[in-house]
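Student: Could you have a look at this structure, given as structure tokens, before my questions?
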Amino acid sequence: MPEGFRHDGGWDQVMETIVTLDQVSRTFRRGDEEVHALSEVSLRLSPGEMVALVGPSGCGKSTALNLMAAVDRPDSGIVRVCGLDVGSAPEAQLEELRRRSIGMIFQAFHLVPHLTVEENISLPLELDRRRDAARVDELLHRVGLRNRRSHYPSELSGGEQQRTAVARALVHRPKVVVADEPTGNLDSKTGAAVIELLAELRREEGAALVLATHDGAVASLADRKLELADGRMVV
């Protein structure tokens with residue numbers, strides 16, 4: 001296991017950088033066309049830091065998030081998350097990293113339709129064969145869904161579904177949280193509440209938070225704003 005990453009899902013306190021992208025490039029094929037989603041992008045993320053990735057659609061934000069969440073590998077350059085080299089690590093180590101140290105929040109929510117709110121939130125723990133009823137109950141309270149715990153996603157509003165997704169992403173106390181347009185499907189009031197909750201919990205628990213957003217108001221709340229254009233970092 002690489003330096004910094006532990007089997008308990010934690011990371012050594014001496015780590016000053018929890019996510020590193022160093023000259024990272026990622027290319028996809030679309031038919032006969034080669035699409036350069038990222039070209040020589042570098043960034044560093046510290047524990048407890050909130051960073052906003054901004055830029056137009058297609059600029060590479062989602063690709064960067066997928067690399068930081070260890071669900072994709074770079075074509076070149078180095079991606080290191082919690083001390084693990086994402087490009088060269090065996091899939092079993094990447095799976096453990098995702099399961100224990102990374103929380104993901106999607107614009108489309110991706111809740112499991114046949115599971116209740118409580119069961120959706122508990123899912124990351126169940127997949128890791130852990131139980132923490134107190135943590136689940138705490139997050140149900142924090143996202144204002146205690147009275148909806150037995151409801152299914154189809155019975156929830158868009159804001160309630162997103163709050164469920166936020167709680168699910170945080171339940172296992174991840175060290176890195178990546179969020180792709182977390183307010184994209186929400187009204188301004190609900191979106192602001194979701195971002196405030198994320199900011200509050202990352203301050204309390206020291207998780208690094210990186211989010212892709214088109215919303216200038218959301219980006220202004222971050223410690224840093226990084227702009228992408230045509231797959232490159234704008235200096």
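The values are calculated or read from the model by the stated rules, or taken from the named source; none is laboratory data. Please read these numbers as outputs of a predicted model, since none were measured by experiment. Cβ: placed from backbone, ideal geometry, glycine included. Neighbour counts: every protein chain shown.
Student: Given the criteria at pLDDT 80 or above, assigned to a loop (DSSP other than H, G, I, E, B), among the acidic types (Asp, Glu) and out of contact with any helix residue (DSSP H, G or I) (no Cβ under 8 Å at 6 or more places or on another chain), does GLU3 qualify?
Tutor: Answer is no for this residue.
Student: Can you pull out every residue in segment 203-219 that is crowded, with 20+ Cβ neighbours inside 10 Å and closer than 23 Å to HIS141 by Cβ?
Tutor: ALA207, LEU209
Student: If you go through segment 119-145 one residue at a time, how many are of a type outside the set (A, V, I, L, M), in a helix (DSSP H, G or I) and farther than 25 Å from GLU96 by Cβ?
Tutor: 3
Student: Identify, please: which residue in segment 142-162 is charged (D, E, K, R) and touching an Asp or Glu at 6+ places or on another chain (Cβ under 7 Å) and is, among those, surrounded by the fewest Cβ atoms within 10 Å (Cβ to Cβ)?
Tutor: ARG149
Student: Kindly evaluate LEU38 against the criterion of being under 18 Å from the mean Cα position of the chain (by Cα), at pLDDT 95 or above and hydrophobic (A, V, I, L, M, F, W, C).
Tutor: Criteria not met by LEU38.
Student: Which residues, taken from segment 220-235, are buried (at least 20 other Cβ atoms within 10 Å of the Cβ) and either more than 10 Å from GLY55 (Cα to Cα) or among the aromatic types (Phe, Trp, Tyr) (or both)?
Tutor: Scanning segment 220-235 gives a single hit, ALA222.
Student: Got a number for residues in segment 146-162 being without any contact (Cβ under 8 Å) to a residue 40 or more places away in the chain, in a helix (DSSP H, G or I) and either touching a Cys at 6+ places or on another chain (Cβ under 8 Å) or of a type in the set (S, T, N, Q) (or both)?
Tutor: 1
Student: Let me ask something else. Take the conditions within 30 Å of ARG149 (Cα to Cα) and touching a residue at least 60 places away in the same chain (Cβ under 8 Å) and apply them to ARG80. Does it pass?
Tutor: No, not satisfied.
Student: Okay, moving on. State all residues of segment 163-210 that are hydrophobic (A, V, I, L, M, F, W, C), in a helix (DSSP H, G or I), closer than 17 Å to LEU125 by Cβ and in contact with a helix residue (DSSP H, G or I) (Cβ under 7 Å, 6 or more places away or on another chain); if no residue qualifies, say none.
Tutor: VAL166, ALA167, LEU170, LEU201
Student: Inspect all residues belonging to segment 123-140 and state whether any of them is closer than 26 Å to VAL41 by Cβ and at pLDDT below 95.
Tutor: The answer is no; no qualifying residue exists.
Yes or no, residue by residue, for (1) in contact with a Lys or Arg (Cβ under 6 Å, 6 or more places away or on another chain); (2) closer than 19 Å to ALA207 by Cα; (3) among the hydroxyl-bearing types (Ser, Thr, Tyr):
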{"position": "ILE102", "(1), (2), (3)": "no, yes, no"}
{"position": "PHE106", "(1), (2), (3)": "no, yes, no"}
{"position": "PHE109", "(1), (2), (3)": "no, no, no"}
{"position": "VAL112", "(1), (2), (3)": "no, no, no"}
{"position": "ASN120", "(1), (2), (3)": "yes, no, no"}
{"position": "GLU126", "(1), (2), (3)": "no, no, no"}
{"position": "ASP137", "(1), (2), (3)": "no, no, no"}
{"position": "VAL143", "(1), (2), (3)": "yes, yes, no"}
{"position": "ARG148", "(1), (2), (3)": "no, no, no"}
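Student: Also, I was wondering about something else. Exactly one of these conditions fails for LEU21: (1) at pLDDT 95 or above; (2) under 15 Å from the mean Cα position of the chain (by Cα). Give me its number.
Tutor: (2)
Student: Please return the ranges of strands (runs of 3 or more DSSP E) entirely within segment 24-109 where 3 or more residues are surrounded by fewer than 17 Cβ atoms within 10 Å (Cβ to Cβ).
Tutor: So the answer is 33-45.
Student: Looking at (1) at pLDDT 95 or above; (2) more than 25 Å from SER220 (Cα to Cα), find the lone condition where MET68 falls short.
Tutor: Just one mismatch for MET68, condition (2).
Student: Here's something else I'd like to know. Would you mention how many residues in segment 110-122 are surrounded by fewer than 16 Cβ atoms within 10 Å (Cβ to Cβ) and closer than 15 Å to ARG173 by Cβ?
Tutor: So the answer is 0.
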